[in-house]
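Step one of this worksheet: look at the structure below.
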Amino acid sequence: MDAKRLQATTLLIKRLHADYPTKGFKISPSIDFVTQSNSGLSIVAKQRIKKDDILIVIPEAARLTAKTVLPSSFLKKLKRDIANKSQFQEHQQMLNPSDYSLAVAIMKVLGRKANNDRYDDFHVCMSQTWPSEEAMKDSSWFYWDVASVQKVWNRSGMFNIFEELRANVDSTFNNIIYPILRNNPDEYIDESLPSSQDDAATPKDKLYNTFRYSLALLYSRAHECYDDDEPSGELVPIVDLFNGHSDKIDEAIKKGKTNEKSVINVNIVSGKWPFIRGSMFRNDCNLPCSAVYANRDIDGGEELIISYGDLSPTGFAFKYGFIPMDFIKHHNIMSDVSIFCDPKLIPDDKMRRRCLERSGYPLDEFKRNKKLALGHFTWRADSVEHYMRGYESEVIGSMRHFIIVGSCELMKDELNRNYSTGKLRGALYNSEAFLRLYDLFDYNIEILGGDATSADDADKASSPDTPSWEKCCLLARITYRESLLMWQRAVALKAQDAIDSAPMLAIQFGWEIRNSDMHSLKGCQVCGRSYPELKCAKCKSVGREVQYCCRGHQVLGWREHKTVCGKKL
């Protein structure tokens, strides 16, 4: 199948040369298209490429958008119906009216493949370079079995998002897309899809199969663009064949000040013909184009990798259906995590319940709805590093408030004071609150993966017998678990500081400070991660388990560790 894609790519390049013989299209002889067993079709450097060399120029007129395929009146109605009738979750960044509209446009192109006389259609030629449905099944969550995914992600925020997204796709098709397309289904059905070969498949089934395949294509291959200042999406021929990575990895390399080369080695920019070097162009004929150029020197044989955006590991998993291993190994890659309420933290005391409900905590709903989270940490807004420096985000402050009012041993009349003012003398209760918050993270780690560890998940993900969807889910679970562990360690250090700074308060108010339960902090001595697991050799030789997640954190923690390194304590 990849050989067919390679042949189709060669034909598409010839077509572009024929359509734009002198202006608008350019492809460097320094790059080549090859098939690789681990990544399908790839673009590699045939020889050394210098920084800012122009590798590809594509005319804007060749891109595939909803506007270039669908009639204007049809597109307006489609967008209006999707916007008015579909339900969109706050966390969804791609499943919006423009994306669903682009999916229908892709369906239209795929439907044309059934007509032999339409192979002169440029977008039909372009469609021959796309991955097959079978290939997309390996890497697209649109095809993953919900029950199987739940066995890996259990009751985590990842699974809740996955389940909601899948439900949204189905409801959008059944309530909006199908009613619009059912009068002319043949125009939007790709009869060649394996999922539609069943004799029992109805026109509705085939429309859904084509819709799902189209969504999978655009979700993993589309670039953002603007039409009439409205956000939209586009598939850019040839450019959509680049494999990519997240900007987060390049950021990690720069912050680590290592000698590693940046993973992302090419950029795409918009401009006019002709492009000169890098993002520089000269407007000779007012011909809008996109260009791909080298953002650093590239060695011969190196794969060309483009930016897939500023994504977290779980964001990468949802968008592209896989997670590169270097996401797992970089110490500063965080995922969004949801913190669910341990039922033991929901009080029975009437006054405590009144205070919490007055502050907006839905106690009964916490018991009924297992998907309702106590709080959400986002990798963009909530930083463990900032928290350790004294900045308490709204989400962790709210969780601390919930635990103090609901569970901590309080001074007389504190509940009455909280009920009337909404305030707490929080610092007085932080010792116990942080310890209970530490336990809450334990609860969330347990409901994520049971007895599995990150090392267990990594071993299973590396097995050749593990299917692609499960490998992605396991690696996502690692990043989710490790994010929880990093937050848990931060809370544990806050608890220790609170205990050390106010030991007499514990005695005065009779608090049961469970310091003895605070087992020595495991994981990386700098951040708390349990994976990757690198042991200090000198300490290991004397029977001590001192662990780091990477060489960079071992160096970072050396100032504190060197006084005890290799010594029995």
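A few points about this structure:
- Straight Cα distances below 23 angstrom link residue 567 to the lysines 522, 535, 538, 540, with same-chain residues fewer than 8 positions distant left out.
- Placing +1 on each Lys and Arg Cβ and -1 on each Asp and Glu Cβ, with no other charges, gives the stretch 162-242 a dipole about its Cα centre of roughly 340 debye.
- By the rule of a C-alpha distance below 27 Å, with chain neighbours fewer than 8 residues away ignored, the lysines paired with residue 412 are 344, 350, 423, 494.
- Shape descriptor for the stretch 271-343: Rg over Rh equals 1.19 (Cα atoms; Rh from the Kirkwood inverse mean 1/r).
- Structure-based [θ]222 nm, the chain - -39500 (n - 2.57) summed over DSSP H runs of at least 4, per residue, nearest 500: -13500 deg cm²/dmol
- Projected area, mean over directions - the stretch 66-234, Cα convex hull, nm²: 10.4 nm²
- Modelled FRET efficiency - R0 35 Å, residue 370 with residue 466, Cβ distances, 0.05 increments: 0.80
- A protection proxy built from the mean count of other Cβ atoms within 10 Å ranks the segments 157-163, 4-10, 140-146, 104-110, most packed first, as 104-110, 157-163, 140-146, 4-10.
- Correct choice for percent of Cα pairs over 48 Å apart that was computed from the model, options (i) 22; (ii) 13; (iii) 27: (i)
- Taking the charge dipole of the chain about its Cα centre, with +1 at Lys and Arg Cβ atoms and -1 at Asp and Glu Cβ atoms, the residue from 180, 142, 343 reaching farthest to the positive side is 343.
- Farthest positive-ward along the chain dipole, Cα basis, beta-carbon charges - from 61, 246, 493: 493
- Using C-alpha pairs below 8 Å separated by at least 6 residues, the relative contact order for the stretch 66-234 is 31 percent.
- Förster radius 35 Å - calculated FRET efficiency between residue 7 and residue 451 (Cβ-Cβ, nearest 0.05): 0.10
- Ranked packing of 422-429, 438-445, 475-482, most packed first, by mean Cβ within 10 Å: 475-482, 438-445, 422-429
- Hits among lysines - C-alpha to C-alpha of residue 50 under 23 Å, sequence gap 8 or more where chains match: 26, 254, 257, 261, 272
- Between the beta carbons of residue 192 and residue 22, assuming R0 = 35 Å, the FRET efficiency works out to 0.45 to the nearest 0.05.
- Other residues with beta-carbon under 13 Å from the beta-carbon of residue 34 carry, at +1 per Lys or Arg and -1 per Asp or Glu, a net charge of -2.
- Rounded to the nearest 5, the antiparallel percentage of DSSP beta bridges internal to the chain is 90%.
- Protection-proxy order for peptides 334-342, 556-564, each taking the mean of Cβ atoms within 10 Å per residue, highest first: 334-342, 556-564
- Percent of C-alpha pairs per 10 Å bin in the stretch 291-392, short distances first: 11, 26, 27, 19, 9, 6, 2, 0.
- Debye, to nearest 20: dipole size of the chain, +1 on Lys, Arg Cβ, -1 on Asp, Glu Cβ: 1280 debye
- In this simple spin-label model, placing a label point 7 Å from the Cα along the Cα-to-Cβ direction at both residue 545 and residue 76 gives a separation of 6.7 nm.
- The mean sequence distance of close C-alpha pairs (under 8 Å, at least 6 residues apart), as a share of the length of the chain, puts its relative contact order at 15 percent.
None of the figures in this text is laboratory data; all of them are computed from the coordinates on show. None of these values were measured; they are calculated from a predicted model. Neighbour counts are summed over all protein chains in view; Cβ atoms, including those assigned to glycine, are modelled from backbone coordinates with ideal geometry.
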